[in-house]
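See structure below.
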Amino acid sequence: MTFTVTELPERERFEARDEAGTLAGVVTYQVTGPIIVYTHTEVVPEFEGRGAGSALARAVMDDAKARGRTVVPMCPFLAGWLDKHPGYESIVARSTRRVK
């Protein structure tokens, strides 16, 4: 299945839609200067397991990379996706908290 991902900056979100234009999922965000915080990913139940979440994750990370932004992945889905796709580590903010 193919998804088209589009940014809606006025709503601070990216949307994934299928070939018919049906909303499959969203990623919400907040931008402060060069930092983008991805706050939530939601996939419509009918599209779960069909690649909508991965299409969104790849699109938002590629967008952040192209714009020279630093990503803070607050969303558990996106954080988990990044664990499986390490090619983006150069733009992901690192925690400065030390574990004792």
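Key figures for this structure:
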read-out: Condition check for Ala66: within 20 Å of Ala24 (Cβ to Cβ) and modelled with pLDDT of 95 or more; value: no
read-out: Failed item in (1) touching a residue at least 12 places away in the same chain (Cβ under 8 Å); (2) more than 22 Å from Glu89 (Cα to Cα), with Pro34 passing the rest; value: (2)
read-out: Any hit, segment 8-28, residues being surrounded by 15 or more Cβ atoms within 10 Å (Cβ to Cβ), at pLDDT 95 or above, within 15 Å of Ala93 (Cα to Cα) and over 9 Å from the mean Cα position of the chain (by Cα); value: no
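The values are calculated or read from the model by the stated rules, or taken from the named source; none is laboratory data. Note that this is a predicted model, so its numbers are computed, not measured. Note that each Cβ is placed from the backbone with ideal geometry, even for glycine, and that neighbours are counted across all protein chains shown.
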